[in-house]
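First the structure, in the form of structure tokens, and then the observations on it.
The numbers here are math on the coordinates, done by the rules we state, and not lab data. For clarity, every value in this text was computed on a predicted model and none was experimentally measured. Here Cβ is always computed from backbone atoms with ideal geometry, including for glycine, and neighbour counts include all displayed protein chains.
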Amino acid sequence: MSIAAGGLQAWPRAATGPIVGLLVTIAVHALLFMVAAGLLPAGQRERQAAAPALVQLKLLPLPPDTVRPEPEAPAPAPALPALPVPTIAAPEIVIAPAPDTPRQPATMAAPPAPTAEEWAFAGSYTLKNSKAYRYTWGQQVRSMMGTAVEGPDQGMVRFRVEIAPDGALARLDTLWSTSPVAERLARQAIAAMPRWPATPTGKPLVFEKTISFTPFASDGPPLYKDDCLPDPPVFSNPFAWDGKSAREAPAATPIEKPDPQALEDCLRQLPRDSIEAEMARDQRIMDQWGWGSGKPGR
């Protein structure tokens, strides 16, 4: 009994090798069968489906009956009749003959000297740094310089003048000059002038004056209608700094309002402005700001 049991236990170990070989053979045949029948796993089928397929195309010519005919050339447009071209006569150019005599240079006679009444008014007018005195002095000088002639001798000269309280000339300096002839004639006239009246304020009168010795400009009379109004505040640059002192913004200068009674009394003393004074004022404004600016005085 024990021998039979031992034989039965030894048999499976001896038969294991042939059984395994049989199973491997069956598996290989089954795999070959599936390859032959197209029964592959899903992953392999997808990889085969994703592979691009090569397709060859061959272009064949169209049959003769389907060839499109070439378009016919358009018919030429009918020629338009030629329009007559108007003839324009060339303008006749007429050259003016040269004048027998050369052009005469422009001239301007010297203005009349101030009258005794004008000097009397200038000696009593105290407003605006004796405006009337300064104008009358310049008119007297220009009247003694003679006729201004167009040419190289014309020009202007600007002086700095100081007149003593009794009317005598205390100092005369030339600030600039555009013509030595104009400066020489002006100095000769000042040296030959009669004794001027005393200054209106009884103090030395210091001012600057431009004498124009040209045939195209003259110093017209001034306007007096605004002389009773206070002077506008002098502009001071708030950003100017010398680099040393403390930086402080300048205080705004208030505009002084004149006393009503004093303003009324001052207005009574003003002379009546003339048309020549208005024209001279407009001329000065236009020369300064140009003729394309707005209304004069604005």
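Values as computed for the structure displayed
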{"quantity": "Full-stretch length increase - E256, L270 - with 0.36 nm per residue and alpha-carbon distance subtracted", "calculated": "3.0 nm"}
{"quantity": "Residue-span extension gain [A170 to S218] - 0.36 nm each, minus C-alpha spacing", "calculated": "14.7 nm"}
{"quantity": "Segment 105-218: C-alpha pair distances exceeding 16 Å, %", "calculated": "58 percent"}
{"quantity": "Calculated SAXS-style log₁₀ I(q)/I(0) at q = 0.11, 0.17, 0.23 Å⁻¹ - segment 60-171, Debye, Cα scatterers", "calculated": "-0.71, -1.04, -1.34"}
{"quantity": "Estimated FRET transfer efficiency when R0 is 51 angstrom, pair I285-V85 (beta carbons, to 0.05)", "calculated": "0.35"}
{"quantity": "Mean Cβ count within 10 Å, highest first, over the residues of peptides 217-227, 252-262, 238-248", "calculated": "217-227, 252-262, 238-248"}
{"quantity": "Rg followed by Dmax, in Å, when segment 148-197 is reduced to its Cα trace", "calculated": "12.4, 39"}
